[in-house]
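The values are calculated or read from the model by the stated rules, or taken from the named source; none is laboratory data. In this text, all values refer to a predicted model and were calculated from it rather than measured experimentally. Every residue, glycine among them, receives a Cβ derived from its backbone with ideal geometry; neighbour counts consider all protein chains shown.
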C-alpha cells in the first residue's frame, strides 16, 4: 500500500493515519503528507484529533492534496462524544502490519466486500501457484519411483546372474581339485638329496627304492629349479603308475626315511618323497601343514588332492581351499604337533 501524497510504500515501523472521512485512505503521519503542524501531528498520534484528507474536505476529485489546519475536523478534548468518534475512526499504527481497511459509515459493506474479494483472489492465486508446484513434485516422485522399480528389478536379476556364475566357478574349482593331472600321476619329488647331477641323483634314487624294497629300473630323475631349506628337489618319473604307487605304499610302511638308512653319502638327513603337484595344490598343501600346529596329526597329498586327519580314528577331510583351512584353524585350539608327516 502506498501513500497517495508522496507515492511511497507504507512500510512496517512507520507512523500512518487513515482518513476518517469517506475515502478511508492511509497516509504517512508526517507534516509533508498530512499538511498538519507539529502540534496537531502529536494530537493525532494521541488520538485527540480526527484527520481527513484534503480531497474529502474539499469534496472534489481534484489533485490529492492535504491542507494544514483545515484538515482538522474537530478537537476531541471538548466533548466526550468526539473522543468516542476519534477512538473508533482513527487508525494509527507503529511498527506493525496494516491488517484490514477502515470501514466508513457511508459505505461499510462495499469496502469490506472489496477487501474480502481481494484477499480471496490473492488466496486463490497462491493456492493455484503452490498446487502447480505440488503437481510437479508428484510427477517427479512418480518418475523416480518408476526408475527405482526398474533399477531394483535389474539389481535382482544381476544378483541371480552373479550367484549362478559363483556356483559355476565353485564347480570348476572343485573339478580342478578333484581331477588329478594325468601328466603328473607317474611323477614324484625327492627332497634331501645332495646330488650334483641328474645321474648322481638317479643313483641315489635307486638306493632309496632299494631301501623301500621297490624293484624297478624304469624311472628317470631330473633336477628341479629352486633349493629350499631341505635341499635341492629332484623329479623322479616312473614308466608305469604301479611302480609309483608301490613306492608310496612302501614309504608308508617304513615311516621316516633317513639318508644313512639308504646308504647315501654326506651327513645324515631326512629324505622326503612328495607328489608332483600343481602350483595351486602345492600352495594349498604347504598351508595345510600349519594344521599340525592345531593338533592335526596327519596332513598328506594323494593324486593332487590334499587331506588332513586329526587322529587315527577321526574323519578324513578333503581340503579344497585356503578359506576352508582358515576356518579349521579358527575353530581348533592350538596344540603341539606330535608328528611330522609329509
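Here are 222, 250: which of them is on the phi < 0 side of the Ramachandran plot, surrounded by fewer than 19 Cβ atoms within 10 Å (Cβ to Cβ), modelled with pLDDT of 85 or more and not in a helix (DSSP H, G or I)? Among 222, 250, only 222 is on the phi < 0 side of the Ramachandran plot, surrounded by fewer than 19 Cβ atoms within 10 Å (Cβ to Cβ), modelled with pLDDT of 85 or more and not in a helix (DSSP H, G or I).
Restrict the check to the range 262-271 and report whether at least one residue is under 57 Å from the mean Cα position of the chain (by Cα) and either surrounded by 13 or more Cβ atoms within 10 Å (Cβ to Cβ) or not assigned by TED's automatic domain parsing to the domain that holds residue 193 (or both). Let's see the steps before the verdict.
Here is the first cut: in the range 262-271, the residues under 57 Å from the mean Cα position of the chain (by Cα) are 270-271.
Filter again for either surrounded by 13 or more Cβ atoms within 10 Å (Cβ to Cβ) or not assigned by TED's automatic domain parsing to the domain that holds residue 193 (or both), leaving 270-271.
Yes, the range 262-271 has at least one match.
All conditions in (1) in a loop (DSSP other than H, G, I, E, B); (2) modelled with pLDDT of 90 or more; (3) closer than 23 Å to residue 225 by Cα hold for residue 315, with the sole exception of (3).
I need the full set of residues from the range 203-213 which are closer than 13 Å to residue 190 by Cβ and in a loop (DSSP other than H, G, I, E, B), in order please. The answer is 212, and nothing else.
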